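Heads up, the thing below is written out as structure tokens.
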Number of protein chains: 2
Amino acid sequence: MKKYSEMSKEELKAELEQLEASYKEYQGMNLTLDMSRGKPCREQLDISMGMMDALNSKGDLSCEDGTDCRNYGLLSGIPEAKVLLGDMMENHPDNIIIYGNSSLNVMYDTVARAMTHGIMGQTPWCKLDKVKFLCPVPGYDRHFAITEYFGIEMIPVPMHKSGPDMDMVEKLVAEDDAIKGIWCVPKYSNPQGYSYSDDTVRRFARLKPAASDFRIFWDNAYGIHHLYDDRQDYLVEILAECKKAGNPDMVYKFASTSKITFPGSGIAALATSLNNLEDIKKQLKNQTIGHDKVNQLRHVRFFKDIHGMTEHMKKHADIIRPKFEAVEEILDKELGGLDIGEWTKPNGGYFISFDALEGCAGDIISMAKKAGVTMTEAAATWPYHKDPHDSNIRIAPTFPPIEDLKLATQLFALCVKIVSAQKLLGA
Amino acid sequence: MKKYSEMSKEELKAELEQLEASYKEYQGMNLTLDMSRGKPCREQLDISMGMMDALNSKGDLSCEDGTDCRNYGLLSGIPEAKVLLGDMMENHPDNIIIYGNSSLNVMYDTVARAMTHGIMGQTPWCKLDKVKFLCPVPGYDRHFAITEYFGIEMIPVPMHKSGPDMDMVEKLVAEDDAIKGIWCVPKYSNPQGYSYSDDTVRRFARLKPAASDFRIFWDNAYGIHHLYDDRQDYLVEILAECKKAGNPDMVYKFASTSKITFPGSGIAALATSLNNLEDIKKQLKNQTIGHDKVNQLRHVRFFKDIHGMTEHMKKHADIIRPKFEAVEEILDKELGGLDIGEWTKPNGGYFISFDALEGCAGDIISMAKKAGVTMTEAAATWPYHKDPHDSNIRIAPTFPPIEDLKLATQLFALCVKIVSAQKLLGA
């Protein structure tokens, strides 16, 4: 197929006419399909149902150290949950706090604490004239929502295949002490599915921030969320790397079992240096007597150990890999060679990122919506919902049944073609 | 027995000699007993074990409105949990948000949100020179820890049998717009076990605070936690009363199932006006995608309805009532008529409050500690851990086995006598 940009006006007009006829057909189908959120599908949830039997009324709900998990206590979590999530996060159990059901909540609380009380004795951020965060783009909308909510100025930093533009990150954090943090999804990034290269992680660990209370918010949401057995990304462990680089306190690392067991009913964790942990616990002991230890125990009894969790992740991969491949196949077939869009082919995570021609993303999304296909809203992957290129679209293939997904992707590709052709025709 | 204050010096010295001999015997027993925290005992936890079978791998984990509780969604909780906790709290389900495992966490977050973002458009508290809370005393140490952590000035208000000194509360909130809140445990209060009278609740609802963002923090922790079938306290419902009085937005009401099912693995809730709920949800949607719906469903399936919960509470009462009665009996027998202390005899809740002679509480607690009995630490029931009378001691009878509890109470009474006698002798 010819590139759209190389077609004559007449050719393009003829193409557009055909495309619009197809679109009308889709509209007649009264679809309601959703490719908007990174939600597991029913089959994925089903594989964790055994967890509902992991504890029962006849069993003993004491954890290894003898604590009755049914009662108050153990602010930082039960020992065996620290081991399991420590293994999952590649950190020592002593560096871990097990939280409640949501790592987003942990991130929010981490920012909130810095706002009201500062980090390790530094000025509370709410007392400063200006606080800024670096935001690799495209990125995760809920990260940006937290910093926006707290009035923190967000500075976009371009993402490359190897991670954020580190020249820019290094320069900015070194010269501006109002920059207090950076949001990172370092592995199978949201939405591109990129993983930070070894060099990127090492440069992160060696940052020389002007602000001593600068922290890397390392949201390792997809650390073990591979799609393939034989094509897996590997990430250098950031806590160890920061320690080696003489910056042991510079990172907060977040993870959860939301996309391992049940979203909303899993367990979340934070891994960081002992200094940071001490700082955090001073606050945490005022906020709660402890998180849900019974649910921690339920997770440990279900998985037994990290091997159990790894095997479990293969079942997830088997369910969602065909969905990713179906989307990629349709995009290749429908859009390959047309030069009107680029998309990622990740080895893991929950998303495919699509970059349309500049100025087309919003129109594509609204056109898909009008035919019954919901995509993540336009510009959601940018701070303040402002994509200066109006180009990025996040595709979430996991939730819909595969036949729905194929139909939705077909329609999406059609909308890309129509909006691109209109754009090139100057319509 | 003669009052200590009416004994001659010689009589008192002879008495003290005998008491000290007894104390030595206790010391020889190498006790380690704990009457410090309001924790349910093992038998109480056992009655909720059926909850571990309420869900299983064969069942459907969808809630009434068809939402799959295993996936993301429903920020404010599942409908049937709102009905159950609504019935428990005597509020309409529409006025309720179901949270995670800890009402303390909800209270903390409520204060934190007011600090950084203010209440319903008012100035964030962190931007004000001064924020103050009224603290009925004696009160709950973890309430005071939250306000202390946020640098909020705490003003003690005396508790009477009918509730806080309402003349003082009315006067203070009317004249000082820096007063933004008051901590209340309105039913079976911590530690006295008092319940606010109808008149007190009505006066609360009719407060005329100088600050439009003044809120009553109504921690109804023991709303259905009766000890007796035939002797129960009744509390006028505060939300309804505030609405009637034209102050619909003035109260945040908190509750949880921590002392109904499992502490730390229950569900918490907040009930408040629709205006407040809207204000809160603007924040909450940035903090989390939702709380643990599977655990909400587990609770509803276990209890079925409020009747199931009420019947369940009778089992708790049967277990802990003998413990309260044992403590009261020993205190009556050992200290009755001596005029060296007063204690409460609550109809519900988790505590008995003991007031020693002025200047004696710290010494009594440390003397008990030296013989192996841990009480709640001295002055914990006062803001900043400063009891100006050094008089109040919180007794928590629920956790220890009854024989331990009797022994601990005996020793405690002995320590009261020794320290009081020493005090009267001017030692």
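One table, with the values for the structure above:
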item: Any hit, the stretch B:112-130, residues being hydroxyl-bearing (Ser, Thr, Tyr), modelled with pLDDT of 95 or more, assigned to a loop (DSSP other than H, G, I, E, B) and over 17 Å from A:Tyr149 (Cα atoms); result: no
item: Residue check, A:Ser36 more than 9 Å from chain B (Cβ to nearest Cβ) and open to solvent by 20 Å² or more (accessible area, probe 1.4 Å); result: no
item: Test set (1) open to solvent by 10 Å² or more (accessible area, probe 1.4 Å); (2) away from every other protein chain (no Cβ under 14 Å); (3) small (Gly, Ala, Ser); (4) touching a Leu at 6+ places or on another chain (Cβ under 9 Å) - A:Gly337 fails condition number; result: (4)
item: Residue that is in a helix (DSSP H, G or I), at pLDDT 95 or above, closer than 27 Å to B:Gln18 by Cα and open to solvent by 30 Å² or more (accessible area, probe 1.4 Å), where the choices are B:Ser420, B:Ser366; result: B:Ser366
item: Every residue from the stretch A:1-29 that is more than 34 Å from the chain's Cα centre (by Cα), over 20 Å from A:Gly336 (Cα atoms) and in contact (Cβ under 8 Å) with a residue 40 or more places away in the chain; result: A:Lys9
item: Qualifying residue in the stretch A:303-324 (condition: within 14 Å of chain B (Cβ to nearest Cβ), under 27 Å from A:Leu85 (Cα atoms) and in a loop (DSSP other than H, G, I, E, B)); result: no
item: Among the candidates A:Pro124, A:Pro156, A:Pro138, A:Pro191, residue that is more than 24 Å from A:Ala240 (Cα to Cα) and in contact with a His (Cβ under 7 Å, 6 or more places away or on another chain); result: A:Pro124
item: Qualifying residue in the stretch A:238-256 (condition: open to solvent by 10 Å² or more (accessible area, probe 1.4 Å), at pLDDT 95 or above, of a type in the set (Ser, Thr, Tyr) and closer than 30 Å to B:Lys293 by Cα); result: yes
item: Which listed residue, of A:Gly139, A:Gly86, A:Gly66, is surrounded by fewer than 23 Cβ atoms within 10 Å (Cβ to Cβ), in contact with a strand residue (DSSP E or B) (Cβ under 8 Å, 6 or more places away or on another chain) and more than 10 Å from every other protein chain (Cβ to nearest Cβ); result: A:Gly86
item: Filtered residue count, the stretch B:389-398, keeping only those that are under 14 Å from B:Ala356 (Cβ atoms) and in a loop (DSSP other than H, G, I, E, B); result: 3
item: Subset of the stretch B:274-302 [in contact with a strand residue (DSSP E or B) (Cβ under 8 Å, 6 or more places away or on another chain) and either farther than 25 Å from A:Phe262 by Cβ or away from chain A (no Cβ under 12 Å) (or both)]; result: B:Asn276, B:Leu277, B:Ile280, B:Lys281
item: Residues satisfying the stated conditions in the stretch A:89-125, i.e. away from chain B (no Cβ under 14 Å), more than 22 Å from the chain's Cα centre (by Cα) and open to solvent by less than 10 Å² (accessible area, probe 1.4 Å); result: A:Ile119
item: Candidates A:Asn30, A:Asn56, A:Asn95 - the one that is modelled with pLDDT of 95 or more and either among the β-branched types (Val, Ile, Thr) or touching a Gly at 6+ places or on another chain (Cβ under 8 Å) (or both); result: A:Asn95
item: Out of B:Ser258, B:Ser212, B:Ser265, sole residue that is under 13 Å from the mean Cα position of the chain (by Cα) and assigned to a loop (DSSP other than H, G, I, E, B); result: B:Ser258
item: Any chance A:Ser391 is touching a Pro at 6+ places or on another chain (Cβ under 8 Å) and hydroxyl-bearing (Ser, Thr, Tyr); result: no
item: Looking only at the stretch B:145-165, and only at residues there that are open to solvent by 10 Å² or more (accessible area, probe 1.4 Å) and assigned to a helix (DSSP H, G or I), the one that is nearest to B:Phe354 (Cα to Cα); result: B:Ala145
item: Residue match in the stretch A:298-310 (condition: among the hydroxyl-bearing types (Ser, Thr, Tyr), under 30 Å from A:Asp68 (Cα atoms) and surrounded by fewer than 23 Cβ atoms within 10 Å (Cβ to Cβ)); result: yes
item: The one condition in (1) buried (at least 19 other Cβ atoms within 10 Å of the Cβ); (2) of a type in the set (A, V, I, L, M); (3) more than 11 Å from chain B (Cβ to nearest Cβ) that A:Leu31 fails to fulfil; result: (1)
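The values are calculated or read from the model by the stated rules, or taken from the named source; none is laboratory data. Only a predicted model underlies this, so the values are computations on that prediction, with no experimental measurement involved. Heads up, the Cβs are rebuilt from the backbone with ideal geometry, glycines too, and the neighbour counts pull from every protein chain shown. The accessibility values were calculated without ligands, DNA or RNA, using every heavy atom of the protein model including side chains. Shrake-Rupley method; radii C 1.70, N 1.55, O 1.52, S 1.80 Å.
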